[in-house]
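Quick notes on the structure that follows.
The values are calculated or read from the model by the stated rules, or taken from the named source; none is laboratory data. This is a predicted model, so every value here is computed, not measured. Positions of Cβ are backbone-derived with ideal geometry, glycine not excepted, and every protein chain shown enters the neighbour counts. Note: areas computed on protein heavy atoms with side chains; ligands, DNA, RNA excluded. Shrake-Rupley method; radii C 1.70, N 1.55, O 1.52, S 1.80 Å.
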Amino acid sequence: MKDYIIRATAGDGQIRAFVGTTKHLVDEARELHQTTKVATAALGRTLTATSMMGLMMKNEKDKVTVIIKGGGPIGTILVTSDSKGNVKGYVTNPNVEVENYPNGKLNVAGAVGNQGHVKVIKDIGLREPYNGSYPIVSGEIAEDFTHYFALSEQTPSVVSLGVLTRSDEVEFAGGFIVQLMPDAQEENIAILEKNISNLPSITNLLKDGKTPEDILNIVLDGLNPRILDTCEVKFDCECSKDKVKEALVAIGKIALSEIIQEDKKAEVGCQFCNRKYNYTESELIEVLENM
Ligand SMILES: [Zn+2]
C-alpha cells in the first residue's frame, strides 16, 4: 500500500480534514538520514503535517517550508512540501538520543526542545514569500502545529501525528489535521470534541488496521464526512549537481579557494536526501569565478 492523504469535508462544509498514512515516506527519510528512533519520530511527524499543509496550498507551483527550532539536541527540523504533498526534509542531528518517557514512549519533546520557534515559509509565487514565526509550545510537534494554525491562520484545529518504529524500520506513520471553518456551529464543534476525546492515538489506530478512510469516519462520526480527493504522497528530492553547487557558494570564497588548493576536488551531499555530487577542480574554479 502506498502513502496517501485524503482531503475531506464534513458538517456541511464547516469542517475540513486531512488524514493520511505516511509510513513509506517516513521510512525513506529514516533510511536516507539514518535517524535514531526519536529523530525518525520528530522528522516523520513534521513530514506528515507539512505534506498536509502542502495540500492546503492553492496553486500548483506553491511550496511550503516548516522549520522547527526548539533548542533541543536534535537541532533544526526542516521540511518542504510541494502542492501535491510531496515532501523532503532533514534534521541537524539525526543521531540524537534521549531517554524515553517513564511509560516507554519516545521523548520527542526532549529531542526537539520547547524553547524556540516554528517558522513557516510559504512560497506562493510572490516576490517575497510569506514568512511567519511562532513560539514553539511543546516540542511534541502535533501541538506545535495546532498552535501555529490557531495563531497564524486563526483556524482552530485538531492535529494528531504519529510514527511507530520497530527495531529498524518504520512500521506505522500517519496523522490527521481537522480544522473548523469560520462558520462552524456549536453543535458540530461539540460532536467533534466528543469524537476526539475518545480517540486512541493515531499509531494505535493504524496498528489496529484502520485506513485513513476509517479514521476519517471515526473522527468525524455524526458529521457526514465526504472525501474530496485522495492524494498519493512521497519523499521527493529534485536536487541536481547544479542546485547542490549552491552549498559551495555558501561556504564563501576563502574556504572554497582552500578546497581547490588542497583537495582539487569536492564531494557535496544534498542536505535533503544525502545524494552525493562530485565536483572536479575545473568545476570548482568555475564556481569560484562566478562568485
Ligand atoms: Zn537531494
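On the given criteria, is Lys241 in contact with an Asp or Glu (Cβ under 7 Å, 6 or more places away or on another chain) and either within 16 Å of the ligand (Cβ to nearest atom) or β-branched (Val, Ile, Thr) (or both)? Spelling it out, it is not the case that Lys241 is in contact with an Asp or Glu (Cβ under 7 Å, 6 or more places away or on another chain) and either within 16 Å of the ligand (Cβ to nearest atom) or β-branched (Val, Ile, Thr) (or both). Checking Gly20, Gly72 one by one, the residue that is under 15 Å from Gly174 (Cβ atoms), of a type outside the set (A, V, I, L, M, F, W, C) and touching a helix residue (DSSP H, G or I) at 6+ places or on another chain (Cβ under 8 Å) is Gly20 and no other. Here the condition is being part of a loop (DSSP other than H, G, I, E, B) and more than 22 Å from Cys231 (Cα to Cα); of Gly104, Gly13, it holds for Gly104 alone. Among the conditions (1) surrounded by fewer than 22 Cβ atoms within 10 Å (Cβ to Cβ); (2) within 15 Å of the chain's Cα centre (by Cα); (3) among the β-branched types (Val, Ile, Thr), Val98 misses just one, which is (2). In the condition set (1) buried (at least 21 other Cβ atoms within 10 Å of the Cβ); (2) more than 19 Å from Ser160 (Cα to Cα); (3) among the small types (Gly, Ala, Ser), Ala41 is compliant with all but (2). Looking across the stretch 275-291 at every residue that is of a type in the set (A, V, I, L, M) and in a helix (DSSP H, G or I), the one that is most open to solvent (accessible area, probe 1.4 Å) is identified as Ile285.
Pairs meeting the criteria (first residue in the stretch 192-214 and without any contact (Cβ under 8 Å) to a residue 40 or more places away in the chain, second residue outside any helix (DSSP H, G or I), beta carbons under 6 Å, at least 6 apart or on different chains) are Asn195/Asp221; Ile196/Val158.
Rundown of residues vs (1) under 19 Å from Ala150 (Cβ atoms); (2) assigned to a strand (DSSP E or B); (3) in contact (Cβ under 8 Å) with a residue 24 or more places away in the chain, yes/no style:
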| residue | (1), (2), (3) |
| --- | --- |
| Glu99 | no, no, no |
| Ala111 | no, no, yes |
| Gln115 | no, no, yes |
| Val118 | yes, yes, yes |
| Gly125 | no, no, yes |
| Gly132 | yes, yes, no |
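Only residues that are among the hydroxyl-bearing types (Ser, Thr, Tyr), away from the ligand (no atom under 16 Å from the Cβ) and part of a strand (DSSP E or B): list them for the stretch 57-91, please. Correct list: Thr76 only.
Would you say Ser157 is more than 16 Å from the ligand (Cβ to nearest atom), within 25 Å of Tyr130 (Cα to Cα) and polar (S, T, N, Q)? So Ser157 fits the description; yes.
Just one residue in the set Asp229, Asp236 is within 13 Å of the ligand (Cβ to nearest atom), within 28 Å of Val178 (Cα to Cα) and either in contact (Cβ under 8 Å) with a residue 60 or more places away in the chain or buried (at least 19 other Cβ atoms within 10 Å of the Cβ) (or both); that residue is Asp236. Contact list please: Cβ distance under 8 Å, first residue in the stretch 246-274 and over 25 Å from Glu31 (Cα atoms) and open to solvent by 90 Å² or more (accessible area, probe 1.4 Å), second residue more than 16 Å from the ligand (Cβ to nearest atom) and in a loop (DSSP other than H, G, I, E, B), pairs at least six apart or on different chains. Filtered contacts from the stretch 246-274: Lys253/Met291. On inspection, Asn224 does not qualify as of a type in the set (S, T, N, Q), in contact (Cβ under 8 Å) with a residue 40 or more places away in the chain, over 30 Å from Lys194 (Cα atoms) and not in a helix (DSSP H, G or I).
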